[in-house]
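As structure tokens, the structure follows; a few thoughts come after it.
Derivation of every value follows stated rules applied to the coordinates shown; laboratory data play no part. Remember, predicted model here, so these are calculated numbers, not experimental data. Cβ sites come from the backbone with ideal geometry, for glycine too, and all protein chains shown count toward neighbours.
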Amino acid sequence: MYYAILAYHAEGVVESWSKEEDAALMAELLQVNDRLVEQKHLGPAARLGPTERAVTLRGKGDGIVTDGPFAETKEQLLGFYVVDFPTLDDAVAAARELRRANPTAVYEIRPILLYLPGAPLASGDEG
């Protein structure tokens, strides 16, 4: 079964990290990432761009586009992992490993009911 591990964090905190602090955290997260890849449990993972550059589409018909996500929380969705485990408990265990590397983040684990792999993403900044 595929599960999404959604990574939430206070965006201002993440943006306040120095390049060195960010690189150190990413190195720890990549160790978990590499292990999950070796075990064939990790699908796509992404670090999302800033919420100030996001828009939300909602409403009937063609909908209306509004600025940014307006979550009523201190944390914003900043990235996600797609993992493949037989049970929710196994997916939670993987999220716990990610949290050990990034203890100030919040991780939501949600089953994915439909997974359609697409074309690979191009590298580089496209925004």
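Assorted remarks:
- Trypsin sites (Lys or Arg not before Pro) restricted to region 28-63 and DSSP loop, no more than 15 other C-beta within 10 Å: 40, 60
- Peptides ranked, highest mean first, by Cβ atoms within 10 Å: ranges 4-14, 23-33: 4-14, 23-33
- Farthest toward the positive end of the dipole of region 1-110, out of 7, 29, 61, is the Cα of 61, where the dipole comes from beta carbon charges about the Cα centre.
- Reachable aspartates and glutamates, given that their alpha-carbon falls under 12 Å from the alpha-carbon of residue 40 and they are not under 8 places away in the same chain: 84
- Potential lengthening of the chain between residue 39 and residue 104 amounts to 20.8 nm, from the contour at 0.36 nm per residue minus the alpha-carbon distance.
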